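Comments concern the structure below.
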Amino acid sequence: AEEETPAAQEEEDSPAGAPAPKLVDVEKMAFTKEAGSLQVDFNLMNIDRGEDPVSGYIHILASGTRNGGTWWEVYPRGSVEDGLPVHYRVGQPFIIQRFKPVQGRFDIRPERGAPTTVHVVVYDDTGRLIYNRPFEVDHAS
C-alpha cells in the first residue's frame with residue numbers, strides 16, 4: 001500500500017515567497033481604555049477547511065506616532081523590526097479547533113499616548129506568517 005504524504009510536508013517544498021494558506025482569521029475585535037491601559041479582545045478563528053486544529057504563535061503589536069516617528073509595543077513580549085516580531089516563538093502559543101478568545105493589554109503612557117493601531121500577527125509552528133492585519137484603534141471606550 002502506498003503512503004500518502006500529508007499536505008503540510010508538501011508545502012515545505014514550496015518557494016519561500018509562496019503565500020501562506022488561510023488558516024486563521026480574527027473576529028469580534030474590541031478595544032477598551034481603562035485605568036491608563038488599552039485592552040484588546042478578539043477571537044482567533046480556525047478557518048482551515050480540514051478537521052485538524054491549527055497551532056502556532058500569536059503576537060499583538062500596538063503602534064503609534066511620537067515626534068514624527070513610530071513606536072511599537074508587543075504583547076506578550078518581544079521586539080519589532082519592519083513591522084513584524086523579530087522572534088516568532090516569543091508569541092503567545094495557541095492550539096485551536098474552532099476559536100480561541102485572545103486578550104492583550106498595553107500601557108497608555110503620557111510621553112507617547114495611546115496606540116493608534118493594533119496589528120494581529122500569527123505564525124504557524126514552523127515560523128511561517130499565516131496572518132497579519134492592522135486594526136485602527138479609533139472606537140475605544
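The values are calculated or read from the model by the stated rules, or taken from the named source; none is laboratory data. Note that the structure is a prediction, hence the values are computed from the model and not measured. Every residue, glycine as well, gets a Cβ built from its backbone with ideal geometry; the counts of neighbours run over all protein chains shown. Heavy atoms of the whole protein, side chains included, go into the accessibility calculation; ligands, DNA and RNA do not. Shrake-Rupley method; radii C 1.70, N 1.55, O 1.52, S 1.80 Å.
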For segment 45-133, give the magnitude of the charge dipole about the Cα centre (Cβ charges: +1 Lys/Arg, -1 Asp/Glu; no others), in debye to the nearest 20. 260 debye
With a point put 7 Å past each Cα toward its Cβ, work out how far Thr117 is from Trp71 in nm, to one decimal. 1.7 nm
Set the Förster distance to 22 Å, then compute FRET efficiency between Ser79 and Lys22 from the Cβ-Cβ distance, nearest 0.05. 0.20
Long-range amide H contacts for Ser37: which residues qualify at under 5 Å (H placed 1.01 Å from N, peptide plane, sequence gap of 5 or more or a different chain)? Ile108
Accessible heavy-atom area order of Val137, Val80, highest first, probe of 1.4 Å: Val80, Val137
Plugging the Cβ-Cβ distance of Asp48 and Arg109 into 1/(1 + (r/R0)^6) at R0 = 35 Å yields, to the nearest 0.05, a FRET efficiency of 0.35
State the percentage of accessible surface on segment 16-141 attributable to carbon and sulfur atoms; use a 1.4 Å probe and exclude ligands, DNA and RNA. 47 percent
Counting only protein heavy atoms and leaving out ligands, DNA and RNA, the solvent-accessible surface of Ser37 at a 1.4 Å probe, in Å² to the nearest 10, equals 10 Å²
Just flag the trypsin sites (Lys or Arg not before Pro) in segment 64-111 sitting in loop per DSSP whose Cβ has no more than 15 other Cβ atoms within 10 Å. Arg77, Arg98
